[in-house]
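The values are calculated or read from the model by the stated rules, or taken from the named source; none is laboratory data. Just so we're clear, the structure is a prediction, and the values are computed from it rather than from any experiment. Cβ placement follows ideal geometry from the backbone for every residue including glycine, while neighbour counts extend to all protein chains displayed.
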Ligand code: 6PG
């Protein structure tokens, strides 16, 4: 009983989190099914650091100080339940189990109840930042058992990324709030990645720009208000050569994308909550579209795909593109943050959006300069339901609408699909529209199904006999 903190899972995330914990002066133990991983973890520690890797659940549990602090870093789904099951015989009342993976939030609610009955404190904590984040400072999104979190706060604050000296970890809310916020983080991640790929596609296939030019553009963008981790890695990716062929590696990578579910869950849950997030939906759909490679090859032959005629497109497109990116980016965050706001009410999470935007400023995949603007907006107006309603942010997005529309026109002309950009414009234009054509939909519903409608001039529910005056 001498180690401060343990993880189950010594894969990329588990071993790097533990090494990060050890760097901050805590002793760290890890459990894995693989003896190689347990040994590799132990040998990766620096001299003087106290770490322990094992494949034996009992030894692992015995090694930890009580009440124990154990983080699960295993793939979402059944592996989480199996890990809990293998630990339970060795746990005692008061121990804390943290799920640090991308678990589906209803699973977290279930596990919370199951473990509560056994006297074990359980909380879900989304962790973002990938391998190097885990090693040198991730963003962490805990929710659920607040007392348990408070006990471990010193360790989490020590290992988290820091922005202006403030750690990128904060208790976010009740129940599965932590996993929920991480899920939407990933939905936003999907949409921003798709948006960047649309810019890349329009420049490369649509306008015939060289890879070097496009690389330079992203590197420049990363210096100003568009600065973000995803833009920065895009600039890095676009200059990485394959040592064997001398080609850019990106040009040798297949064009169908895999996914593990978090983006899809964001969209599915948004539908349940009636939270409009069309840009994120479009990003999920485009990953799905990418999977249909054979059909796309066939359709490209039959249906006359991309046109690369670069005539009549002046240099203005480059500054328009920058504004279009900013416009869509803010709209994407607006959708995700609004979804969290709606979910917080529906599930009684009691999430404070200022905290969310504060801990997303560093360490996570969607960290970006604009997060500080969002944090300020929520600090000005904590009950803000949508960041577009913040005058400063709303007006600056509005001022870029025209350029975003100009880019879409070029893309349509070149047959380059820019779904996220288009969805972002449609989101903005419908959000800023006091009147939508849904009156007609209500009339149609009433026509064919007698579903009734409300009127603008009177209270109540109405039905019209639409066909009565037909001959
Ligand atoms: C992060 C990432 C991380 C993981 C994604 C990838 O925040 O560090 O989001 O959690 O890379 O889950 O998701 P897909 O495999 O679905 O693209």
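Here are the numbers for this structure:
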{"item": "Residues being at pLDDT 95 or above and not in a helix (DSSP H, G or I) - total across segment 243-274", "result": "6"}
{"item": "Only listed residue being over 15 Å from residue 417 (Cβ atoms) and either touching a residue at least 40 places away in the same chain (Cβ under 8 Å) or away from the ligand (no atom under 15 Å from the Cβ) (or both), chosen from 282, 275", "result": "275"}
{"item": "Search result, residues across segment 232-267 that are under 27 Å from residue 102 (Cβ atoms), surrounded by 12 or more Cβ atoms within 10 Å (Cβ to Cβ) and either away from the ligand (no atom under 16 Å from the Cβ) or not assigned by TED's automatic domain parsing to the domain that holds residue 296 (or both)", "result": "235, 236, 249, 250"}
{"item": "Helices (runs of 4 or more DSSP H) (entirely within segment 96-198) containing at least 1 residues that are within 13 Å of the ligand (Cβ to nearest atom) and crowded, with 24+ Cβ neighbours inside 10 Å", "result": "130-136"}
{"item": "Test: residue in segment 69-79 that is in the same structural domain as residue 135 (by TED's automatic domain parsing) and assigned to a helix (DSSP H, G or I)", "result": "yes"}
{"item": "Which listed residue, of 307, 285, 279, is surrounded by 13 or more Cβ atoms within 10 Å (Cβ to Cβ) and farther than 30 Å from residue 223 by Cα", "result": "285"}
{"item": "Residue within segment 290-301 that is within 16 Å of the ligand (Cβ to nearest atom) and assigned by TED's automatic domain parsing to the domain that holds residue 188 present", "result": "yes"}
{"item": "Some residue of segment 357-365 being farther than 21 Å from residue 276 by Cα and away from the ligand (no atom under 16 Å from the Cβ)", "result": "yes"}
